[in-house]
Amino acid sequence: MSGGSLGIRSGSYGSLDKQGQNGVLPIQAASATRTKAYSKMLKEKETLIHWICKFAGRKKVGMLLLCVISAAVFVWVVYFGEDQENDNGSKVNDNLALNNPLINVVQSIRIDNWTSLSVSVKETKVGVMHPPPPSYFLGYTLPPGHPCNTFTLPPPPADKKRTGPRPCPVCYLPMEEAVALMPKVPSFSPVIKNLTYIFEEHLNRETEFGGSDFGGYPTLKQRNDSYEIRESMNMHCGFVKGRKPGRGTGFDIDDSDLLKMEQCNGVVVASAIFGAFDIIQQPRNISEYSKQTVCFYMFVDEETEADLRGKYENEKIGVWRIVLVRDLPYTDGRRNGKIPKLLLHRLFPNARYSLWIDGKLELVADPYQILERFLWRKNATLAISRHYKRFDVFVEAEANKAAGKYDNASIDHQVEFYKREGLTPYSEAKHPITSDVPEGCVIIREHIPISNLFTCLWFNEVDRFTSRDQISFSTVRDKIAAKTNWTINMFLDCERRNFVIQKYHKDVLALLAQRAPPVIYPPPLPPYMAIDSQRRVPPRRRRDRKSGSRRHRKVSKEIV
């Protein structure tokens, strides 16, 4: 076997020799000389190895050689690998950040995951293939020269007759641009990553004060613990009696509606009318794309549904899908309205963004344009307008008492409780916070853990104290901001009035109709005048008028 193999090898080499003779590979003489020198070097190495083995065992020599070879390989990899990594690394960074025009466009328009991109590139360069870290939306800047970059609010018109709040212009992007800028990944949620809601079959109603069956009667200790922000948290957030919001929890909804609500996985626009208190306002200036992709939901109670019966088909009135809610947990209609207002993330578990508007408001701008202007462009996860003239919680509380919005003793109790926790009047020292009092009829937010936590805690304050959510807003906001450095975009009230028009409640409209002065019609004519008026009086002839005038002139001359 061995001889045959050698014969095959000699035959192959012989064919090379023949090729050399034909002038193809003329290197035979040089190869013979190199072979002699190589054999001489091997003899010298063998004598050196024999000399080393004479003084040390073969095992020790083998281990020594292995260590030397390993050290040499390690030094070569570290030295040349670092040089190559530095060279390649600078090129990659330059290409991504400076030389690649596509990336420059992405930086000026959208920066979805720049941090995770750079980390994954570094890990790939050294050959370690780890899964990329979670990607987050990090905001974007509009291109230089974009009209919205230089947009400023014009001064309000000098109209002395109108001294109240009024709308102001807002720089929206065109609908196509706004949709294109919708983030493909969620925003970053500081500190908190997992939020679990408490379910209790047997409620403990022995609490210090406040609470309800719907809210679960959290104790003051549980309340204080919910403000200790952690990565994973369990907390009360309404619907505590049932395993699924809307099913046996209070604020119960039909299964067919719940199924549709679970299928809403993009943008939801929601409102509510309870007690037939308002008239449904149809949104205007809504694009066809939004009509097909945005979920419009109007929650109503049985009284409102009876008032609307016969006015809608296929469970819709215009763009609104009407959802009947049974077993309302509160006797106060305003407090019932806080459930969909603050807990939309529980009613729509798969929605990414939500826009809440009160039932008395008419939406007059496209939802995507509103989201782009007040959330995505500001890199914010929750936006709400500030009150047009009140910035201090204490002033807001007194205004609520003066207007009879709630029991005065309950308002005083809530304010005194917050004062003991450190609530102070608003001042310029709180900047960049611009106000402690929101105009809560519109809430724009992204459904991520930090914003869901905020609205849960805000709802718990409404459940425990008064239903006047403007009083508890700043307390919840400041407690979360102290732990997470998370902020809310509080925009101008005149900007809010740009995309929603406020209408009167139904009772106010009825009152205005009663107070309206009666329409005064002319009194009827007497019978004889009515008959005479029906007669046709022939017009005087023009010739008679002329003859009369001549006769009048003749008489006047005679008198003179």
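Given the criterion closer than 24 Å to residue 414 by Cβ and either touching a helix residue (DSSP H, G or I) at 6+ places or on another chain (Cβ under 7 Å) or surrounded by fewer than 20 Cβ atoms within 10 Å (Cβ to Cβ) (or both), identify the matching residue among 205, 243.
On the way: 243 fails: closer than 24 Å to residue 414 by Cβ.
It is 205.
With touching a strand residue (DSSP E or B) at 6+ places or on another chain (Cβ under 8 Å), modelled with pLDDT of 95 or more and among the charged types (D, E, K, R) as the only criterion, which of 254, 225 stands out? Before you say what the answer is, go through the steps one by one.
Values: 225 fails: touching a strand residue (DSSP E or B) at 6+ places or on another chain (Cβ under 8 Å).
Being touching a strand residue (DSSP E or B) at 6+ places or on another chain (Cβ under 8 Å), modelled with pLDDT of 95 or more and among the charged types (D, E, K, R) holds for just one of 254, 225, which is 254.
Taking the residues in the range 427-447 that are open to solvent by 10 Å² or more (accessible area, probe 1.4 Å) and among the aliphatic types (A, V, I, L, M) as candidates, determine which candidate is modelled with the lowest pLDDT.
429
In the range 464-485, what residues are over 16 Å from residue 381 (Cβ atoms) and open to solvent by 10 Å² or more (accessible area, probe 1.4 Å)?
Answer for the range 464-485, where residues must be over 16 Å from residue 381 (Cβ atoms) and open to solvent by 10 Å² or more (accessible area, probe 1.4 Å): 464, 465, 468, 470, 475, 478, 479, 482.
Could you check the range 170-272 for helices (runs of 4 or more DSSP H) lying wholly inside it with 1 or more residues that are of a type outside the set (Asp, Glu) and over 30 Å from residue 373 (Cβ atoms)? Before you say what the answer is, go through the steps one by one.
Values: elements: 175-180, 220-226, 255-262.
Of the helices (runs of 4 or more DSSP H) lying wholly inside the range 170-272, those with at least 1 residues that are of a type outside the set (Asp, Glu) and over 30 Å from residue 373 (Cβ atoms) span 220-226, 255-262.
Kindly evaluate residue 489 against the criterion of being open to solvent by 20 Å² or more (accessible area, probe 1.4 Å) and modelled with pLDDT of 95 or more.
Against the criterion (open to solvent by 20 Å² or more (accessible area, probe 1.4 Å) and modelled with pLDDT of 95 or more), residue 489 qualifies.
Name the single residue, out of those in the range 372-426 being open to solvent by 70 Å² or more (accessible area, probe 1.4 Å) and among the aromatic types (Phe, Trp, Tyr), that is modelled with the highest pLDDT.
391
Which residues, counting only those in the range 149-169, are open to solvent by 80 Å² or more (accessible area, probe 1.4 Å) and either within 22 Å of residue 487 (Cα to Cα) or assigned to a loop (DSSP other than H, G, I, E, B) (or both)? Even if it seems obvious, please write down each step before you answer.
Of the residues in the range 149-169, the ones open to solvent by 80 Å² or more (accessible area, probe 1.4 Å) are 149-152, 155-158, 160-163.
Once the filter is applied, which keeps residues that are open to solvent by 80 Å² or more (accessible area, probe 1.4 Å) and either within 22 Å of residue 487 (Cα to Cα) or assigned to a loop (DSSP other than H, G, I, E, B) (or both), the range 149-169 yields 150, 151, 152, 155, 156, 157, 158, 160, 161, 162, 163.
Do any residues in the range 217-230 that are over 13 Å from residue 453 (Cα atoms) have Cβ atoms under 7 Å from those of residues that are assigned to a loop (DSSP other than H, G, I, E, B) and open to solvent by 40 Å² or more (accessible area, probe 1.4 Å), where the two are at least six apart or on different chains, and which pairs are they?
From the range 217-230, the pairs are 217/204; 217/205; 219/208; 220/208.
Sort out which residues of the range 448-462 are open to solvent by 10 Å² or more (accessible area, probe 1.4 Å) and more than 11 Å from residue 382 (Cβ to Cβ), and write them in order of number.
Those that are open to solvent by 10 Å² or more (accessible area, probe 1.4 Å) and more than 11 Å from residue 382 (Cβ to Cβ): 449, 460.
Go through the range 473-494 and give me each residue that's more than 24 Å from residue 411 (Cα to Cα), part of a helix (DSSP H, G or I) and of a type in the set (Val, Ile, Thr).
484
Which condition number does residue 297 fail, the rest of (1) touching a helix residue (DSSP H, G or I) at 6+ places or on another chain (Cβ under 9 Å); (2) in a helix (DSSP H, G or I) being met?
Condition (2) is where residue 297 drops out.
The values are calculated or read from the model by the stated rules, or taken from the named source; none is laboratory data. Source: prediction; values computed, not measured. Cβ atoms come from the backbone with ideal geometry, glycine included; neighbour counts cover every protein chain shown. To get the accessible areas, we keep the full protein, side chains included, count just its heavy atoms, and leave off ligands, DNA and RNA. Shrake-Rupley method; radii C 1.70, N 1.55, O 1.52, S 1.80 Å.
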